[in-house]
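**Student:** Sharing a structure with you now.
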Amino acid sequence: MIEAIRRALVGTGSTALILIGSVLIGFGVPLFWIWAASTFYDKPGAVTGPVALFIFTGILVTYWLLMLLGSWVRGRMLGFSEPGPRRQSWNRSMRDTPYRPGEHQSDPVERLFVTTAIVSMIGFAIWFALFAGAPFPTN
């Protein structure tokens, strides 16, 4: 009974942390770079080309660094410290040990980035459908 309660609390806490992390990564990174651009380019009006390039580059570099950090953490967590590349399941020979779906659990880093992609896509779809407004100027 106590073990079941502990597993439920750990699972709920893990899910909550993954959801919070995915919202911070999916929406926090772009909002941070928009805020940074607004403080550096203190001019009212529409976004110019250099400002948009600054925001886009900042977002891409930040996501790239987060993916490198996630890869490093995942490697340390799962013990992929052996030399040489790890063979992925899709790159196996038919003579290798067969892949059995559900045999290996996903790890928290993988769940974080998959959840980030899903939450970001849903958030963008909601924003685009309800809040974006007309894309063309109305005269």
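**Student:** Only residues of the range 108-133 count here: report those whose backbone N is under 15 Å from the spot 7 Å along Cα→Cβ of L60, or say none.
**Tutor:** From the range 108-133, the list is empty.
**Student:** What is the Cα radius of gyration of the range 1-76 over 2.2 N^0.38 Å, N being its residue count?
**Tutor:** Normalised by 2.2 N^0.38 Å, the Cα Rg of the range 1-76 equals 1.62.
**Student:** For the pair R74 and L130, how long in nm is the line joining their label points, each one 7 Å along Cα→Cβ?
**Tutor:** 3.1
**Student:** Another question, if that's okay. Please find the FRET efficiency linking S106 to A36, where r is the Cβ-Cβ separation and R0 is fixed at 25 Å, and quote it to the nearest 0.05.
**Tutor:** About 0.15, to the nearest 0.05.
Here, each number is a calculation from the coordinates, and none is a lab measurement. Predicted model, so just to flag it, every value in this text is computed and none were measured. Every residue, glycine among them, receives a Cβ derived from its backbone with ideal geometry; neighbour counts consider all protein chains shown.
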